[in-house]
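For reference, the structure discussed in these notes is given below.
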Amino acid sequence: MENIFRFKALTTKKYLVKIKSSMNLNGFTSDNEVEIRWMLSLKEIGALHYTFELITLDHTMIKADNTGYIEIHKVVRQMQKALNELKFTIDKQGNLLRVENLEQIKGRWNDVKSEAIEYNRSNTSLTELFNIQDEAFEQKGGIEAMVRASEFFDIYLNNQYERDFFSKVKKSIPNLFRSGVIPFILKYDSNKSPEHENVYSIKLEGYPNILAENHIKDLYGDFPISDFDTLKPIYHYNAQYNIDVLNGFILEGEVNFSEYINEKFGGEVHYKIKQYE
């Protein structure tokens with residue numbers, strides 16, 4: 001089936017995104033749950049592009065079994081308020097071409113930065129975190145990189161629009177510890193829903209490439225692991241979506257990724273996305 005999935009209607013949809021993660025870091029386990037609400041509007045359909053507006057309505061930590069994660073989440077959300085309203089243009093395959101409201105985002109970042117620094121003035125350990133975020137906003141291409149790395153591109157578009165489903169796609173997926181990326185080959189399949197008219201289901205299966213020993217050391221070299229010569233990490237990635245082919249918008253979907261290094265390091269993350277009114 002070729003290029004059946006494309007956006008066709010200038011409309012607005014609201015989404016609830018649930019993210020559940022479980023981590024094992026040197027024998028210390030943690031479970032977290034986050035909810036994000038989006039308002040996604042398709043503003044323009046061109047011959048070779050789409051222009052969207054994405055507004056983050058809410059970003060809430062629902063569950064965390066570590067107070068440190070809760071505090072970090074609060075600070076990070078403060079700093080990311082500058083990205084709550086995005087207008088961007090992508091090509092028909094979902095690759096970012098440009099961010100349309102760059103100057104607005106930069107101005108908002110200056111306001112957010114001042115507010116966040118004042119709010120967290122007593123916590124001097126956060127100074128470096130602010131400096132890193134500030135550099136990301138100020139450097140050339142930094143905002144574009146943050147937009148490209150957002151959940152919308154990663155779990156919503158996910159290389160599934162206007163493409164040949166008989167081919168395979170290479171995708172580098174960040175590992176759970178954000179110490180590097182895992183190279184995957186994604187295989188896609190699609191079928192018409194037997195229950196709903198004009199709805200197609202897409203399934204993705206990921207096949208990780210074999211990692212060289214030096215890649216494994218780059219990923220986990222800072223971890224207290226001694227058996228790199230025999231270390232064979234295990235990775236799994238899969239996703240499934242239901243798409244309304246009349247307008248091209250996702251009705252619901254899920255993405256799953258797991259990473260097992262050894263008995264002391266590993267974890268998994270599950271994304272669920274669903275339209276709501």
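The values are calculated or read from the model by the stated rules, or taken from the named source; none is laboratory data. Given the structure is predicted, the values throughout are model-derived calculations rather than measurements. Cβ: placed from backbone, ideal geometry, glycine included. Neighbour counts: every protein chain shown.
Residue by residue, here is whether (1) in contact with a Gly (Cβ under 9 Å, 6 or more places away or on another chain); (2) small (Gly, Ala, Ser); (3) within 25 Å of Leu251 (Cα to Cα) holds:
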site: Lys14; (1), (2), (3): no, no, yes
site: Lys18; (1), (2), (3): no, no, yes
site: Tyr69; (1), (2), (3): no, no, no
site: Gln93; (1), (2), (3): no, no, yes
site: Ser114; (1), (2), (3): no, yes, no
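Can you name every residue in region 138-153 that is touching a residue at least 40 places away in the same chain (Cβ under 8 Å) and either touching a His at 6+ places or on another chain (Cβ under 7 Å) or not basic (Lys, Arg) (or both)? If you could, list the steps in order and put the result at the bottom.
Step one: filter region 138-153 for residues touching a residue at least 40 places away in the same chain (Cβ under 8 Å), giving 143-144, 146-148, 150-153.
Residues satisfying the conditions are Ile143, Glu144, Met146, Val147, Ser150, Glu151, Phe152, Phe153.
Is it the case that Asn238 is surrounded by fewer than 19 Cβ atoms within 10 Å (Cβ to Cβ) and either under 17 Å from the mean Cα position of the chain (by Cα) or not in a strand (DSSP E or B) (or both)? Spelling it out, Asn238 is indeed surrounded by fewer than 19 Cβ atoms within 10 Å (Cβ to Cβ) and either under 17 Å from the mean Cα position of the chain (by Cα) or not in a strand (DSSP E or B) (or both). So if I check each of Leu86, Leu16, Leu42, which one is at pLDDT 90 or above, more than 19 Å from the chain's Cα centre (by Cα) and within 28 Å of Asn256 (Cβ to Cβ)? That would be Leu42, the only listed residue that is at pLDDT 90 or above, more than 19 Å from the chain's Cα centre (by Cα) and within 28 Å of Asn256 (Cβ to Cβ). Gly27 meets the conditions (1) at pLDDT below 95; (2) on the phi < 0 side of the Ramachandran plot; (3) not polar (S, T, N, Q) in every case but one. The failed one is (2). State all residues of region 225-249 that are aliphatic (A, V, I, L, M) and either over 20 Å from Val181 (Cα atoms) or at pLDDT below 90 (or both); if no residue qualifies, say none. Ile225, Leu231, Ile243, Val245, Leu246 - these are the residues of region 225-249 that are aliphatic (A, V, I, L, M) and either over 20 Å from Val181 (Cα atoms) or at pLDDT below 90 (or both).
Only one entry in Leu204, Leu176, Leu186 is part of a loop (DSSP other than H, G, I, E, B), surrounded by 13 or more Cβ atoms within 10 Å (Cβ to Cβ), out of contact with any helix residue (DSSP H, G or I) (no Cβ under 8 Å at 6 or more places or on another chain) and at pLDDT 90 or above, namely Leu176. Any residue in region 223-248 that's at negative phi: show its pairings with residues that are exposed (fewer than 11 other Cβ atoms within 10 Å of the Cβ) and polar (S, T, N, Q) at Cβ separation under 9 Å, as long as the two are six or more apart or on different chains. Once the first residue is at negative phi and sits in region 223-248, its partners that are exposed (fewer than 11 other Cβ atoms within 10 Å of the Cβ) and polar (S, T, N, Q) give Phe223/Asn26; Pro224/Asn26. Note on region 241-277: residues that are within 30 Å of Phe52 (Cα to Cα), in a loop (DSSP other than H, G, I, E, B) and among the charged types (D, E, K, R) total 1. Pairs are defined by a Cβ separation below 6 Å, a sequence spacing of at least 6 or placement on different chains, a first member in region 24-39 that is touching a residue at least 24 places away in the same chain (Cβ under 8 Å) and among the acidic types (Asp, Glu), and a second member that is part of a strand (DSSP E or B) and surrounded by 15 or more Cβ atoms within 10 Å (Cβ to Cβ); the pairs so defined are Asp31/Ser22; Glu33/Lys20; Glu35/Lys18. Screening the candidates Ile90, Ile62 for the property of being in a strand (DSSP E or B), touching a strand residue (DSSP E or B) at 6+ places or on another chain (Cβ under 6 Å) and exposed (fewer than 15 other Cβ atoms within 10 Å of the Cβ) yields one hit, Ile62.
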